[in-house]
Structures are given as C-alpha cells and as structure tokens.
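Okay, so here's the structure we're looking at.
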Amino acid sequence: MVIGSEPGDGSSDSSGGWSVARGLVVKTLVLIGGALVLKRLTKSTTRWDHARLVSRSISGEKFSKDQAARDPDHYFNIRMVTCPAAEMVDGSKVLYFEQAFWRTPQKPFRQRFYMVKPCSKELKCDVELSSYAIRDAEEYKNFCDRSKDQRPLPEEVIGDIAEHLTTIHLRRCERGKRCLYEGSTAPGSFPNLWNGAAYCTSELSILKNNEIHAWDRGYDGDGNQVSFSTLTQSL
C-alpha cells in the first residue's frame, strides 16, 4: 500500500504503472546508449586512421634499457626519439628520427626521416613506413629536443628529404595478439654490406604497451643469413 492512499482508490495501481513506465524509459535509454557506444566501437577504421595511429605509436622518446639489462654483453641502452616534422601535400606524415647512446643523446649516430601513409589499395597492408636519408643531417641533430622556433621549417624539411632507404609494410595485428601493427620489408628490398651481407631485410612490431621490436637480417648473394640484430625499445 502507498502511504497516504486509501485502499481501492487506484493510487497504488497508478504508482505501479508509473514505476513500470519509468523502468521501461530507463531501459530504453540504456539500450540506445549501448547501441551508440557499440556503433562507435565497431565503426570501421579508415586507411588514414591506421596511418595516424602508427605515427603516434612510434613518436616520443624510447629506450632499450631493459634489453641492455638482460644481455649487457651484446646490447646497449639506446635512446630513440621520433617527432612530427612536416606533412606532405597528400597528407603523408613526415617524422624525424634519431638514435643515440643514452649517455650522449646530443650525439646521434643514426638520423632519418620517416614517411607514414596508408598502403595503396593493391597492396595487402594497412600502412607504409618508409625511411629516407637527410640531405644535411648535421642541421637536424636533436631536432625533437629543440623548441619549434629553433627547428627547420616544414618546407625546409621536405626539401631535405634525400634518397629512399627502406619501406616496411605494416598490417594491423589480429585480435588477441600483443601487437598493434607488424610487418617487414620485401625480401631483398635494400642493399647492405654489413658483415659480408649483400642485402638486408627488416621486421617491425609495434606493441600495445608502446614497445617497438625491430629485427634486421643480412643475407649474402646466395641467400644465406650472415648477420642478425634485434632491438627492443620502450618508454
């Protein structure tokens, strides 16, 4: 019985009916909200969404200290830093990349431009990650550590993109795997004379925990593997 009502006056039925109606309204709103969330979560990812996610994932400062700690006889703690540098007219992102020993970050031993863009439709991949030499690398040392007004301008960056070095074709990892994207260069895709090699291949995995795993393998002219290196870097 509802307080303040008399038996048989209909107040109890009206109140019960209102409670049922209110419950239906709440359930309907929950269902609508759930449908909207589900639609947002299941919305198809565009080719440019993949490219933007790869750019964000490889940007920032990362170190190989964990790898160096596990095997100090073969690995060093390497600092890797990557940041946006320019954008091409087709929307491709140009990133500046450098590696240095963590104790001497002001002296990078490797500098590159990365270009990130969606794979063309005929390729079975989601993102192309290409590396390029820098025309005047000395001018770009510690590019990411400088304030923006101390960096070369985007149009200067585009003008300083030199020869193409490698391209890795990345695909979104299957659900349940640790990685976000993984891929490799085409077999025999770039020449390299390191340790008697005639050419090298590179593999790359971008993990969900912001780690980057890279493998480089060198092969002689007969296809025999003659060198191998691996690098694991994380925030």
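Among the residues of region 65-110, write down those that are among the aromatic types (Phe, Trp, Tyr) and either touching a strand residue (DSSP E or B) at 6+ places or on another chain (Cβ under 7 Å) or assigned to a strand (DSSP E or B) (or both). Spell out the reasoning first.
Initially, region 65-110 is screened for residues among the aromatic types (Phe, Trp, Tyr), giving 75-76, 96-97, 101-102, 109.
Within region 65-110, Phe76, Tyr96, Phe97, Phe101, Trp102, Phe109 qualify.
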Out of the strands (runs of 3 or more DSSP E) lying entirely within region 123-235, which hold 1 or more residues that are farther than 25 Å from Asp66 by Cβ and at pLDDT below 80? 199-207, 212-219, 225-233
Hey, Ser57 closer than 17 Å to Glu128 by Cβ and either surrounded by fewer than 20 Cβ atoms within 10 Å (Cβ to Cβ) or assigned by TED's automatic domain parsing to the domain that holds Arg178 (or both) or not: yes
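Does region 128-166 hold any residues that are aromatic (Phe, Trp, Tyr) and in contact (Cβ under 8 Å) with a residue 60 or more places away in the chain, and which are they?
Looking only at region 128-166, we keep the residues that are aromatic (Phe, Trp, Tyr), and these are 132, 140, 143.
Residue satisfying the conditions is Phe143 alone.
The values are calculated or read from the model by the stated rules, or taken from the named source; none is laboratory data. Treat the numbers as computed from the prediction; the structure is a model and nothing was measured. Note that we place each Cβ from the backbone using ideal geometry, even for glycine, and neighbour counts take in every protein chain shown.
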